[in-house]
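We did not get these values from a lab; they are worked out from the coordinates using the rules stated. Treat the numbers as computed from the prediction; the structure is a model and nothing was measured. Note: ideal-geometry Cβ built from the backbone for every residue, glycine included; neighbour counts use all protein chains shown.
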Amino acid sequence: MSTADQSPRKSIFSETMPFEYRSSDIPRILLCIASGILISINLRTFVYAGDLMPGGFAGLTLLIQQIASSFFGIIIPYSVLYIGFNAIPVVISFLKIGKKYTIYSCITIILISFLTDVIPEHPITYDILLISIFGGLVNGFAVALSLRADATTGGTDFIAIWISEKYRVDAFNYILIFNASLLCIDGLVFGWDKALYSIIFQYTSTQIIHLLYKRYQKKTLLIITEKPGEITNTIYKMTGHGATDINAYGSYENAKRTIVYSVVSSGDLKPLMTEISSIDPSAFVNVMRTEQLTGKFHMPPTD
């Protein structure tokens, strides 16, 4: 059996399924609402207090607000800019990624846009280092909530998801290039101190996202077992991925062995390891991080 799934694959880009709501969509909606509220509160407490530059379109919105206010005396509502910047990515996402995915993302985007204008500014601390670290933690957690709901907080997240789905890579680090450009402009115009602290904010946020959201992270499994058939079937049933059986020779006991080789998503790893242990308690499992993968790799659709 090859490592590719043998069944027909569905993609996040497939729009052949009818657009309908189910009771299972309620948790997704609640996660999107929670994400929007948390990001808005984080902006009005940590980000505004530290005068930081968050990543993505949120950072671009704040940068334009600051430039308009400082140099032209014009106050532009956050909602006007944030919704405006997200308009084109939303349309592209609706056409190319998925209808539900885009609609649930819009819940978060709209909440962020209007709550950020409505919630009063209430700094928790004025220690810029604490603001950078804990603001990044809250932001990363809020973004991860939205991603776990198979949605996004908008802007560059749409781009990251599209790249990740199309090329099967974890693209969130690439968005740092866009964020770095914002930080350079912010540093040149308003000073480098806050720009450098913003790097701490963005790095912390990115690490939390990687910790909590593992859809595009992959693990390679090398399993030495006496029950290769059962374990191979379990991998297929639980993850949708196949496996390859490799005949080997155990030098210590001078006995024939079978190595089951497979690549799975990181999110599937923990329950899969538990099941493998129950099938063969004596199995020897080596788990390795997969940096790059080419070929077919089954990803469950988000819509």
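How large is Rg over Rh for the range 24-212, taking Rg from the Cα atoms and Rh as the Kirkwood inverse mean of 1/r across Cα pairs?
Result for the range 24-212 is an Rg/Rh of 0.95.
How high is the relative contact order of the chain? Use alpha-carbon pairs under 8 Å, at least six apart in sequence, and give a whole percent. Mind dumping the intermediate values first?
Numbers: 489 pairs, mean separation 77.2, N = 303.
It rounds to 25 percent for the chain.
Which of the chymotrypsin sites (Phe, Trp or Tyr not before Pro) found in the range 244-283 are loop residues per DSSP with 13 or fewer other Cβ atoms within 10 Å of their Cβ? Numbers along the way, then the final one.
Details: sites: TYR249, TYR252, TYR261; in loops: TYR252.
Within the range 244-283, the qualifying chymotrypsin sites (Phe, Trp or Tyr not before Pro) (loop, at most 13 other Cβ atoms within 10 Å) are TYR252.
Would you mind classifying the range 214-258 by shape? Square roots of the alpha carbon gyration tensor eigenvalues, ordered a ≥ b ≥ c; an a/c under 1.5 is rounded, otherwise it is prolate if a/b is larger than b/c and oblate if not. Before the final figure, lay out each step's value.
Numbers: a/c = 3.51, a/b = 1.97, b/c = 1.78.
The shape class here is prolate.
What number comes out for the charge environment of GLY59, summing +1 per Lys or Arg and -1 per Asp or Glu over other residues with Cβ under 14 Å away? List each step's numbers first, then the result.
Values: positive: LYS194; negative: ASP51, ASP157, ASP186.
Once all neighbours under 14 Å are counted, the net charge is -2.
Pull up the cross-link candidates among the aspartates and glutamates for LYS166, meaning alpha carbon to alpha carbon under 17 Å and not fewer than 8 places away within one chain.
Those aspartates and glutamates meeting the cut-off are GLU15, ASP150, ASP157, GLU291, ASP303.
Most exposed first by the Cβ proxy, i.e. fewest other Cβ within 10 Å, how do TRP192, TRP162 rank? Mind showing how you got there, number by number?
Working: TRP192 12, TRP162 18.
Lowest count first: TRP192, TRP162.
Over all Cα pairs of the range 218-290, how is the pair count split among 5 Å bins, expressed in % and running from 0 up to the last occupied bin?
Each 5 Å bin holds this share of Cα pairs: 4, 18, 30, 27, 13, 6, 2, 0.
How big is the Rg/Rh ratio for the range 45-156, C-alpha atoms only, Rh by Kirkwood, two decimals?
Values: Rg = 14.7 Å, Rh = 14.9 Å.
On the Cα set of the range 45-156, Rg over Rh gives 0.99.
Going by amide H atoms built from the backbone, whose H comes under 5 Å of the H on ARG257, apart from near neighbours?
Amide H neighbours of ARG257: ALA248, TYR249, GLY250.
So what is the 222 nm mean residue ellipticity for the chain from helices alone, if each DSSP H run of at least 4 adds -39500 (n - 2.57) and you divide by all residues, rounding to the nearest 500 deg cm²/dmol? It would help to have the intermediate numbers written out before the result.
On the way: 10 runs with 169 residues, N = 303.
Computed mean residue ellipticity for the chain: -18500 deg cm²/dmol.
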